[in-house]
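The values are calculated or read from the model by the stated rules, or taken from the named source; none is laboratory data. Just so it is clear, the model here is predicted, and its values are computed rather than measured. Cβ atoms come from the backbone with ideal geometry, glycine included; neighbour counts cover every protein chain shown.
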Amino acid sequence: MTSTTAGSGEALARATRAGRPVLAALFWVAVWQIAALSVNKEFLLASPWSVVTRLGELAFTADFWATVGWSLARIAIGFVAAAVVGALLAALAVASRLVDVLVSPLIATIRSAPVVSFIILLLLWTDTSKLSAIVAFLMVLPVMYANVLEGIRHRDRSLLETARVFRVPFVRRFGAIDVPAVLPFFAAACRIGVGLAWKSGVAAEVIGVADGSIGEQLYQAKLFLSSEDLFAWTLVIVVLSMACEAAVLRLLRRVPGRLERSPA
């Protein structure tokens, strides 16, 4: 009897935890609906139903999926490149004091400079088709570098010393010590970096008016005062960002190491 009651209690607790995000989302949709009714002007603030209807119309067109694919491919390229380069630079900075001294000011400058400054500068140097990938790369790079660097510096020194004493090969040490230590920090960087890549990448597309991109659709929505399109494409960006984050974390869980200690 006790075990049955305990099992029912656990099931209820799980259902409650799962239902909270849904209830929170419904609350904010209700707030949005009330605000739309108060404004009573669709071009200023579209209602949730009109946005969902517009999104449904867009989803059944080939142009919609071509636009999503265009932006997704370029922003993903920028994110992956930042993850790889950031991790390599962090490893080199730990191995070489000279690299650390040279790279740190560059990373600090990229982290501090406004994203719009990079966008305008890059518009002078390259065409708009490459803009979102480069901007996403630049915005994610400092996050990846700082987190991986912190993870490397938090490796267990006693384990490293043991590996050195027993002359453990680098490949075995890397998988047994380095990866488990760095992986939680890398996962935290990915959680932040995915959203940052989408924000900065789409901003670059809007400013550069990149043909065939989500940013171009947002710009068109602004020109034609279409809040339905604006909210619909914004919802697409949020869903894509969340889906990308989930996919990245799922891939990281396949890597030997534990993500439960992630500092995020």
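Some notes on this structure:
Here's the yes/no breakdown for (1) under 19 Å from residue 140 (Cβ atoms); (2) touching a helix residue (DSSP H, G or I) at 6+ places or on another chain (Cβ under 6 Å):
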| position | (1), (2) |
| --- | --- |
| 156 | no, no |
| 162 | no, no |
| 167 | no, no |
| 195 | yes, yes |
| 214 | yes, yes |
| 220 | no, no |
| 228 | no, yes |
| 231 | no, yes |
| 252 | yes, yes |
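- Residue satisfying condition, being modelled with pLDDT of 95 or more and either out of contact with any helix residue (DSSP H, G or I) (no Cβ under 6 Å at 6 or more places or on another chain) or surrounded by 13 or more Cβ atoms within 10 Å (Cβ to Cβ) (or both), within set 91, 83, 113: 83
- Candidates 113, 36, 76 - the one that is farther than 22 Å from residue 194 by Cβ and out of contact with any His (no Cβ under 7 Å at 6 or more places or on another chain): 36
- Just one of the listed residues (45, 58, 122, 131) is closer than 27 Å to residue 213 by Cα and not assigned by TED's automatic domain parsing to the domain that holds residue 214, namely 45.
- Residue within segment 36-45 that is surrounded by 13 or more Cβ atoms within 10 Å (Cβ to Cβ), outside any helix (DSSP H, G or I), modelled with pLDDT under 95 and touching a Lys or Arg at 6+ places or on another chain (Cβ under 9 Å) present: no
- Hits in segment 154-173 (condition: more than 33 Å from the chain's Cα centre (by Cα), of a type outside the set (Lys, Arg) and surrounded by fewer than 10 Cβ atoms within 10 Å (Cβ to Cβ)): 158, 165, 166, 169
- Counting only helices (runs of 4 or more DSSP H) that sit wholly inside segment 49-164, those with at least 2 residues that are without any contact (Cβ under 8 Å) to a residue 12 or more places away in the chain and over 26 Å from residue 233 (Cβ atoms) are 62-95, 97-112, 115-125.
- Selection of segment 161-208 for residues being among the polar types (S, T, N, Q) and under 25 Å from residue 116 (Cα atoms) yields only 200.
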